[in-house]
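What follows is a single structure, written as structure tokens, with notes after it.
The values are calculated or read from the model by the stated rules, or taken from the named source; none is laboratory data. What you are looking at is a predicted structure, and each value in this text was computed from that prediction instead of being measured. Because the Cβ atoms are built from the backbone with ideal geometry, glycine has one as well, and the counts that use them run over all protein chains shown. In case anyone asks, the SASA skips ligands and DNA or RNA and just uses the protein heavy atoms, side chains included. Shrake-Rupley method; radii C 1.70, N 1.55, O 1.52, S 1.80 Å.
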Amino acid sequence: MIVEDKAVSAGLHYRGAPDAAADAEHLARRLAEETGLAVQPGELVFEVKTPGTDKGTALTAFMAEPPFAGGTPVMFGDDLTDEHAFRAAEALGGFGVLVGPIRETAARYRLDGVPEVLDWLEAAADRHAPAREEVEA
């Protein structure tokens, strides 16, 4: 198992030892209980973090700040920890995009991988770029 220091949380990764899932969860839950923190399960990881915060609360706070206030949030993610943000994006008039294999998700759309995300972003940028005449005027 690997412990990742995320500054305001810690991730206990067991990707290299999938058989250790039960042990990793037990350790994460014990640490959370002893410290008053919360456990957030992910893909082959258990994160120990401050209760009441997640990627959804972060996205909501971010979208309240200029120049993003009133914008349309689009959340790309590939992990279970992204589900809160998919729901927040939807609640704010945007949407989530699951990146990776098909699974149960709150995301409205799905793309296979990073190359498809980059293609989508490039196409979106092209659609929203000002016409050359507008730039030169």
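Values for this structure:
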quantity	calculated
Overall Cα dimensions of the chain - principal axes, largest extent first, Å	62, 30, 25
Residue order for Leu80, Leu59 - accessible surface, 1.4 angstrom probe, largest first	Leu80, Leu59
In Å², nearest 10: area of Asp19 left accessible to a 1.4 Å probe	150
Fraction of antiparallel bridges per DSSP, region 28-121 only, in percent to nearest 5	40
Cβ-placed point charges (K, R +1; D, E -1), dipole of region 35-132 about Cα centre in debye, nearest 20	300
Charge dipole of the chain about the Cα centre (unit charges at C-beta), most positive-ward option of His13, Phe46, Ala32	Ala32
Relative contact order computed over region 47-137 (Cα-Cα under 8 Å; 6+ residues apart), in percent	20
Share of carbon and sulfur in the accessible heavy-atom surface of region 48-137 [1.4 Å probe, %]	60
Heavy-atom surface of region 1-121, accessible at 1.4 Å and reported per residue (Å²)	60
Approximate shape of region 21-84 as ellipsoid semi-axes (Cα gyration tensor, √5λ), whole Å, largest first	29, 14, 5
